[in-house]
Amino acid sequence: MRYRTLGGTGIEVSVHCLGTMMFGAVGNPDHADSARIIHAALDQGINFVDTADMYSSGESEEIVGKALQGRREDVVLATKVHFPMGEGPNRGGNSRRWITHEVDQSLRRLGTDWIDLYQVHRPDPATEIEETLSVLTDLVTQGKIRTFGCSTFPAEDLVEAYHVAERRGYGKFRTEQPPYSLVTRGIERSLLPTTQRLNMGVLTWSPLASGFLSGKVRRDQPVDLAAGRAALTPHRFDPSLPANASKFDAVEQFAELAAGLGRTLPELALAFVTAHPAVTSVIIGPRTMEQLEGLLAGADLTLEDDVLDRIDEIVPPGTDLHHYQSDGLWSSPALTDPAKRRRLVGDRSAG
């Protein structure tokens, strides 16, 4: 396993990061088995583990915390905050009130005194970025976190946060965690160039496009929309939907390309993401030991220029065939709120 420096932090992290979203009630409810997977990943050279408070409502953090007992010093531990953690107001978001409360809950569940990388899971239009950067900076000063970053922020929000931090003397977002895969390449347009200019580390999520690049979703095979990832977002996998036709076509071509290399489709998918110069680490999210072993098997795959050229022909740079905004995870208010893109009726005409 190779290691890369995480932005300007000086922290060395493995090129594969172990994502733990599938540990707990949502994926693998067996704590002991999940711990064995974590230990196997560490034994293979992974030193970067990413979780979030909302994964299985905190259960994932608890599993990770128990698994890292006795090995905490060797691990760069990342978690996230933002999504609601209960009913009622003020139980989520990026406010000082919520982050101050929730960081202590994450520390308790993780069984640790510090978090290496604390990430804001999504933007929060209701909270000024100055408020968020201020509390995150305080947490670094208090020693509860070592550094902080963000996840699924648009490029313009990264630039705003950078300039607010410069102007106010706050710490900066050191990392960004966006979705990136063979069929999700939109971040190549502006986000990745922006992270490079700001010297930010990038840890990408969903390299298999929520399972679409697992090798099990093929055009000539029936898709079970009631099981696995397909059950969570059936609109992404339904072959009868015209919007998915281009994805199924791309998968067939990628599978052929991988076979020509003597590799699996997931191995090709992971190697593609790690080849981008802006990407520090790619998050892999196994649910079983078999899945972990299959993902790590491709760690030595180097894609030559002719293979990357062929990938660009199948899905051109900057193109998204697999969209995440439709799942309600986060969309810009400029797109979701009609009032943001419609003048008052009396002021809409030119004359």
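The values are calculated or read from the model by the stated rules, or taken from the named source; none is laboratory data. This structure is a prediction, so every number in the text was calculated from the model and none was measured. Every residue, glycine as well, gets a Cβ built from its backbone with ideal geometry; the counts of neighbours run over all protein chains shown. Surface accessibility is based on the protein's heavy atoms, side chains included, excluding ligands, DNA and RNA. Shrake-Rupley method; radii C 1.70, N 1.55, O 1.52, S 1.80 Å.
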Completion exercise
Per the filter on segment 160-203, residues of a type in the set (A, V, I, L, M) and more than 19 Å from Leu335 (Cβ to Cβ) are Ala161, Val164, Ala165, Leu182, Val183, Leu192, Leu198, Met200, Val202, Leu203
Practice task
State yes or no: is Phe272 surrounded by 15 or more Cβ atoms within 10 Å (Cβ to Cβ), within 30 Å of Gly201 (Cα to Cα) and among the aromatic types (Phe, Trp, Tyr)?
Solution key: yes
Exercise for the section: Only residues that are open to solvent by 20 Å² or more (accessible area, probe 1.4 Å), of a type in the set (A, V, I, L, M) and out of contact with any Gly (no Cβ under 9 Å at 6 or more places or on another chain): list them for segment 1-34, please. Expected result: Ala25, Val26, Ala32
Practice task
Return yes or no: is Ser214 over 23 Å from Val251 (Cβ atoms), open to solvent by 30 Å² or more (accessible area, probe 1.4 Å) and more than 16 Å from the chain's Cα centre (by Cα)?
Solution key: no
Practice task
Determine whether segment 264-274 contains at least one residue that is at pLDDT below 95 and within 21 Å of the chain's Cα centre (by Cα).
Solution key: no
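Could you list, in sequence order, the residues of segment 237-269 that are of a type in the set (Gly, Ala, Ser) and assigned to a loop (DSSP other than H, G, I, E, B)? Step through it out loud before you land on a result.
Going residue by residue through segment 237-269, those that are of a type in the set (Gly, Ala, Ser) are 240, 243, 245-246, 250, 255, 258-260, 262, 269.
Within segment 237-269, Ser240, Gly262 meet the criteria.
In this structure, does Leu203 turn out to be open to solvent by less than 60 Å² (accessible area, probe 1.4 Å), closer than 24 Å to Val307 by Cα, out of contact with any Gly (no Cβ under 6 Å at 6 or more places or on another chain) and in a loop (DSSP other than H, G, I, E, B)? Break it down into steps so the answer makes sense when it comes.
Numbers: open to solvent by less than 60 Å² (accessible area, probe 1.4 Å): yes; closer than 24 Å to Val307 by Cα: yes; out of contact with any Gly (no Cβ under 6 Å at 6 or more places or on another chain): yes; in a loop (DSSP other than H, G, I, E, B): no.
So Leu203 does not fit the description; no.
Is segment 121-132 home to any residue that is over 30 Å from Glu313 (Cβ atoms) and without any contact (Cβ under 8 Å) to a residue 12 or more places away in the chain?
Pass one, segment 121-132, residues over 30 Å from Glu313 (Cβ atoms): 121-132.
Of the ones still in play, those that are also without any contact (Cβ under 8 Å) to a residue 12 or more places away in the chain are 128.
Looking for residues that are over 30 Å from Glu313 (Cβ atoms) and without any contact (Cβ under 8 Å) to a residue 12 or more places away in the chain, one finds at least one in segment 121-132, hence yes.
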Fill in the blank from the handout: Considering segment 107-132, residues that are open to solvent by less than 10 Å² (accessible area, probe 1.4 Å) and in contact with a Gly (Cβ under 7 Å, 6 or more places away or on another chain), and then whichever is nearest to Asn47 (Cα to Cα), we arrive at Leu117
Practice task
Go through (1) more than 20 Å from Thr288 (Cβ to Cβ); (2) among the aliphatic types (A, V, I, L, M); (3) within 19 Å of the chain's Cα centre (by Cα) one by one and return the number of the condition Val26 breaks.
Solution key: (1)
Problem - Given (1) in a helix (DSSP H, G or I); (2) more than 15 Å from Gly285 (Cα to Cα), number of the condition Val13 does not satisfy - result: (1)
Fill in the blank from the handout: Contact list, first residue from segment 331-351 and at pLDDT below 85 and open to solvent by less than 100 Å² (accessible area, probe 1.4 Å), second anywhere and of a type in the set (D, E, K, R) and part of a helix (DSSP H, G or I), beta-carbon distance below 6 Å, six or more apart or interchain, is Pro333/Lys340; Ala334/Lys340
Practice task
Could you run through segment 92-101 and say how many residues are surrounded by 21 or more Cβ atoms within 10 Å (Cβ to Cβ) and under 15 Å from Phe148 (Cα atoms)?
Solution key: 2
Exercise for the section: Give segment 167-194 a look and list any residue that's out of contact with any helix residue (DSSP H, G or I) (no Cβ under 7 Å at 6 or more places or on another chain) and within 23 Å of Pro317 (Cα to Cα), or say none. Expected result: Thr175, Gln177, Pro179, Arg185, Gly186, Ile187, Glu188, Arg189, Leu192, Pro193
